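For reference, the structure discussed in these notes is given below.
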Amino acid sequence: MKRHIVFYAVSFFIGCFSSMCYISNIYIGAVIAASFLYIIFIYEDKIIIIIMLAFFLCGAFRFNSYFNYLPKNEEKIRILDHRENYIVGDIKGRRVLIKGEVEGLLEGLSIAAKGEFKKDINYGKGIIGSYQIYEYKNKKEDLIYKFGDRKRRVIKKLEKNLDKDKLALVMSLCFGDVSLMDNIEKYKLQKLGVIHAISVSGFHISIVYKVIHMILGFKLALIFTLLYVIFTGFKYSTLRAFIMILILSFSDKVYKNYDGISSLATAFLVILFIKPYSFMEMGFSLSFLATLGIILHYNNIKSTLKSVPEKLKDTLSITLSSQIFTLPYIAFTMENFSLGFLLGNIFLMPIFSLIVILGNLSILTIKADLLFSIISYILYCLTYAVQYVSYLLIKICPPISYLGSLEGIYFMIVYFSYIMIKKGVVKFKALPLISFLLIFINTYSLFPSVYFINNEYVNGAVIRYNNECVMVCNYDLEKGKEVIQIKESFNATKVITDIKDSDSIYIKNYETNILFEEDRVSGIKLRKNNKNFLVISEEERDYWYKIIFGRVVKWRY
């Protein structure tokens, strides 16, 4: 099947991407653009070449026109996000930080404002600058504002029946609002591999659409799903899911066929046109990469799980296939991965589905006090169940593993080798094994190694030898979460705290002493067979200090 829309979407993306690179480095941007043009011009079909070139130029034009727009002294502004420390508004489809006279501004309001614009571009967040408001009038309470007001009233009413932790979970699952959720709860969900559920995603859209479709039919399901997309603030994943559902619905009615990759490419193109900076945001990339993995590999994984019960087979197939393309991206960006994602998706996601359904029913039943109270009570029970199940799963869940660029490259090599082997190039069978051995040699510490940690949270050192990795540190009790994150980033097998200058610890057959200077770790002394090795902490923090054949040498981290 020829999927020309995929070529067009990629062309538009390269136009945006090369423009962004051109701004940072003129030579890199020019090389990317020239390389892409060379590739498309060797394509045989001249009509396709012309169309791809047109999409490439449109992408470059759209990216530059977005960031080069200069708001006037009088503008209509839509308030997109209102937090304690910042307000984000929309001017002609561009995001700006709102400052000045902001009293009375609520999320969703549309105002006519007088002010002054200061250009200060943040490409990653799509912000073109800040707008200092001197005065505003004509507050327009349209449909978008009414949705925001309804959400605020629902949350206020739920506060009477749910405590803060339970309300935070309902708000994040149903409305995409994570403002009440603290870092500890987020960390638990991250460890269980279900952190994606606390921001409204395609998972939520599919639930809303399916439930309404069963009750009210196809047309009303589309309308209510669109309203839900607006209600939750046009998140990338919800827009992507809605566009794909829309294409699926009409293809069934008109053409009687549906191609998932073409549908995904169309959603990619539409969102990138609306928000040409979106490819730099993690939520956008993870949403599309996970969906691409499901489209390409869901059926293959499901067919290999023949002996697994059907419902569990579906959950496992979706969960595993969604990780295939997101893992390399996570390795290069977030640099950690939870092996507990299977447990979280099997035991928590079904409860999350019920919370999403009931949380959205609470929006419709806000004026029916009795029905709202019943829904609130069920939500209380479900959120309590989530907390209890999470507590049990955390006990058996493996720790979050560190992933770096090496692991990311390895995943890409494995997938590339898989494609080449499927095409019959059998010599690629050895490539994943060779890559694994190289990574193992890099991570397995053949020589004793020391890394010093001196930051605002933790003071200590990591000592690694063979397959043992010990972290020694002193820290305030309030910084426990940071210590856990550092421990897991180094894959430490043991953490020793409250160590003193005279204390000794043993790592394999090395006796190790920690040296202190003004309550800070200043060095590590290692002793073996009457030989002493002294490693002194320096200002540079990006080096391992390795003892290689009796000498202490620096090794780039």
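The values are calculated or read from the model by the stated rules, or taken from the named source; none is laboratory data. Just so we're clear, the structure is a prediction, and the values are computed from it rather than from any experiment. Reconstructed Cβ throughout: ideal geometry from the backbone, glycine too, with neighbour counts over all protein chains shown.
Note on the range 386-482: enclosed strands (runs of 3 or more DSSP E) holding 1 or more residues that are modelled with pLDDT of 75 or more and not polar (S, T, N, Q) are 445-454, 459-466, 468-474. Whether a residue is under 29 Å from E281 (Cβ atoms) and buried (at least 17 other Cβ atoms within 10 Å of the Cβ) was assessed, and S321 passes this test. Annotation: of all residues in the range 515-534 being aliphatic (A, V, I, L, M) and either outside any strand (DSSP E or B) or within 38 Å of the chain's Cα centre (by Cα) (or both), the one that is modelled with the highest pLDDT is I524.
Among the residues that make up the range 80-92, is at least one of them crowded, with 19+ Cβ neighbours inside 10 Å, in contact (Cβ under 8 Å) with a residue 40 or more places away in the chain, in contact with a Pro (Cβ under 6 Å, 6 or more places away or on another chain) and closer than 22 Å to I271 by Cα? Looking through the range 80-92, at least one residue is crowded, with 19+ Cβ neighbours inside 10 Å, in contact (Cβ under 8 Å) with a residue 40 or more places away in the chain, in contact with a Pro (Cβ under 6 Å, 6 or more places away or on another chain) and closer than 22 Å to I271 by Cα. Name the residues in the range 222-235 that are within 25 Å of S322 (Cα to Cα) and either at pLDDT below 80 or not in a helix (DSSP H, G or I) (or both), would you? Result: T232, G233, F234, K235. Among the residues that make up the range 207-221, is at least one of them within 16 Å of K151 (Cβ to Cβ), modelled with pLDDT under 70 and in contact with a Ser or Thr (Cβ under 7 Å, 6 or more places away or on another chain)? No, that holds for no residue.
Is it fair to say K219 is more than 30 Å from P398 (Cα to Cα), free of Cβ contacts under 8 Å to residues at least 24 places away in the same chain and among the basic types (K, R)? Yes.
Taking residues in the range 239-251 that are on the phi < 0 side of the Ramachandran plot, and partners anywhere that are at pLDDT 80 or above and small (G, A, S), the pairs with Cβ atoms closer than 6 Å and at least 6 places apart or on different chains are R240/A267; R240/S287; I243/A267; M244/S263; M244/A267; I247/S263.
The single condition from (1) more than 24 Å from V170 (Cβ to Cβ); (2) crowded, with 20+ Cβ neighbours inside 10 Å; (3) touching a residue at least 60 places away in the same chain (Cβ under 8 Å) that L158 fails is (1).
Against the condition among the polar types (S, T, N, Q), farther than 25 Å from S179 by Cβ and either part of a helix (DSSP H, G or I) or touching a residue at least 24 places away in the same chain (Cβ under 8 Å) (or both), how does S287 come out, does it pass? Considered against the rule, which asks whether it is among the polar types (S, T, N, Q), farther than 25 Å from S179 by Cβ and either part of a helix (DSSP H, G or I) or touching a residue at least 24 places away in the same chain (Cβ under 8 Å) (or both), S287 comes out as no.
Taken across the range 175-187, residues that are surrounded by fewer than 21 Cβ atoms within 10 Å (Cβ to Cβ), out of contact with any Pro (no Cβ under 8 Å at 6 or more places or on another chain) and in a strand (DSSP E or B) do not occur at all. Among residues that are under 29 Å from F347 (Cβ atoms), surrounded by 15 or more Cβ atoms within 10 Å (Cβ to Cβ), of a type in the set (A, V, I, L, M, F, W, C) and in contact with a Phe, Trp or Tyr (Cβ under 6 Å, 6 or more places away or on another chain), L403 is included.
The condition of being under 20 Å from V270 (Cα atoms) and either touching a residue at least 40 places away in the same chain (Cβ under 8 Å) or of a type in the set (F, W, Y) (or both) does not hold for Y22.
When S353 is tested against (1) of a type in the set (G, A, S); (2) at positive phi; (3) assigned to a helix (DSSP H, G or I), only condition (2) is not met. Looking only at residues in the range 60-92 that are hydrophobic (A, V, I, L, M, F, W, C) and not in a strand (DSSP E or B), the one that is farthest from Y277 (Cα to Cα) is L70. When K137 is tested against (1) assigned to a strand (DSSP E or B); (2) free of Cβ contacts under 8 Å to residues at least 24 places away in the same chain, exactly one condition is not met: (2).
Number of residues in the range 128-155 that are surrounded by fewer than 18 Cβ atoms within 10 Å (Cβ to Cβ) and either touching a Lys or Arg at 6+ places or on another chain (Cβ under 8 Å) or not hydrophobic (A, V, I, L, M, F, W, C) (or both): the value is 14.
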